[in-house]
Amino acid sequence: KALKTHQICKAGIGRTFQVVKPLARMTVRDNVTASAFCRVNTIREAQYEADKILEFCHLDMASGKAAKSLPIAGRKRLEIARALATRPALLLLDETAAGLNPTEVEEAIGLIKRIRESGVTILIVEHIMRVIMSISDRIHAINFGQTIAQGTPQETANNKAVIEAYLGEDYEG
């Protein structure tokens with residue numbers, strides 16, 4: 001039987017979406033406050049949680065802005081902040097760096113590392129290898145729905161099947 005979204009959150013699983021969809025007319029702070037109600041019962045507690053998370057995600061300066069006014073990098077961070085407000089033990093990230101410029105990708109890597117250092121387990125789907133290689137302990141490489149390699153970033157990067165699938169047979173690393 002499939003669990004409902006709130007049951008998944010209560011079980012300690014948070015997630016982001018590849019296509020971010022904040023509550024556009026609400027403020028950045030209100031978006032995160034709404035998510036915090038998964039774990040707290042009062043508006044005061046939810047706002048306190050939201051403020052901590054916004055600072056952690058470097059969104060505190062934008063807390064009063066409408067969510068729809070944020071550029072893509074800000075909306076991606078807001079998506080992560082909303083997920084963090086549910087206090088997940090496991091955070092599922094979907095294409096967190098997609099559409100970001102190189103500076104924004106580095107900022108996303110920094111945020112993901114801080115989340116990991118806070119004790120949250122992260123499972124990420126990402127096509128930007130710089131992100132994967134810099135944040136991962138283990139990589140599970142898939143090609144056409146089939147596992148082709150598993151291991152440390154270095155083991156996976158040196159795997160012949162991964163090189164052929166992602167870089168082409170003629171690649172010489």
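Using the heavy atoms of the protein chains and a 1.4 angstrom probe, tell me the accessible area per residue for the range 1-114 in square angstrom. Could the numbers behind the result be given before it?
Working: 6250 Å² over 114 residues.
Normalised by residue count, the accessible surface of the range 1-114 is 55 Å².
Find which of 127, 62, 158 sits farthest along the positive direction of the dipole of the chain, computed with +1 on the beta-carbon of Lys and Arg, -1 on that of Asp and Glu, about the Cα centre.
Positive-most Cα among the choices belongs to 62.
Treating the Cα atoms of the chain as identical point scatterers in vacuum, please give the log10 of the normalised Debye intensity I(q)/I(0) at q = 0.10 Å⁻¹, two decimals.
So the normalised log intensities work out to -0.43.
Can you tell me the relative contact order of the range 36-173? Whole percent, Cα pairs under 8 Å, sequence separation 6 or more. Provide the component values of the computation, followed by the final result.
Details: 133 pairs, mean separation 21.4, N = 138.
For the range 36-173, the relative contact order is 16 percent.
Given R₀ = 30 Å, FRET efficiency for residue 118-residue 11 by Cβ-Cβ distance, to 0.05?
Numbers: r = 19 Å, r/R0 = 0.63.
Result of the calculation: an efficiency of 0.95.
Quick one: putting +1 on the C-beta of Lys and Arg, -1 on the C-beta of Asp and Glu, what dipole do you get for the chain around its Cα centre, in Debye to the nearest 20? Provide the component values of the computation, followed by the final result.
On the way: 23 positive and 20 negative charges, 226 e Å.
Once rounded to the nearest 20, the dipole reads 1080 debye.
Just to be sure I understand the model, the point goes 7 Å from the Cα along the line to the Cβ. What's the resulting residue 101 to residue 43 distance in nm?
Roughly 3.9 nm, to one decimal.
Would you please give the residues with an amide H less than 5 Å from that of residue 124, counting only those at least 5 places away or on a separate chain, with H modeled from the backbone geometry?
So residue 124 has HN proximity to 93.
Could you grab the relative contact order for the range 23-103? Cα pairs under 8 Å, six or more apart, rounded to a whole percent. The partial results should precede the final answer.
Values: 91 pairs, mean separation 30.4, N = 81.
Relative contact order comes out at 37 percent.
Nearest 5 percent is fine: what portion of the DSSP beta bridges confined to the range 21-173 is antiparallel? Present the calculation step by step, with values, prior to reporting the outcome.
Working: 6 of 11 bridges.
Of all bridge pairs located within the range 21-173, approximately 55 percent are antiparallel.
May I ask for the distance between the Cα centers of the range 66-141 and the range 27-58, given as a whole number of Å?
18
For a quick check, take a GNM of the chain with Cα springs below 10 Å and name the residue from 145, 74, 12 with the largest mean-square fluctuation.
In the Gaussian network model the winner is 145.
From the helices alone, meaning DSSP H stretches of at least four residues, give me the mean residue ellipticity at 222 nm for the chain, per-run term -39500 (n - 2.57), in deg cm²/dmol to the nearest 500.
Details: 8 runs with 77 residues, N = 173.
Only helices count here, giving -13000 deg cm²/dmol.
The values are calculated or read from the model by the stated rules, or taken from the named source; none is laboratory data. Bear in mind that the values here come from a model prediction, so they are computed numbers and not experimental data. Neighbour counts run over all protein chains shown; Cβ positions are idealised from the backbone, glycine included. Side chains are part of the model used for accessible areas, which takes the heavy atoms of the whole protein and leaves out ligands, DNA and RNA. Shrake-Rupley method; radii C 1.70, N 1.55, O 1.52, S 1.80 Å.
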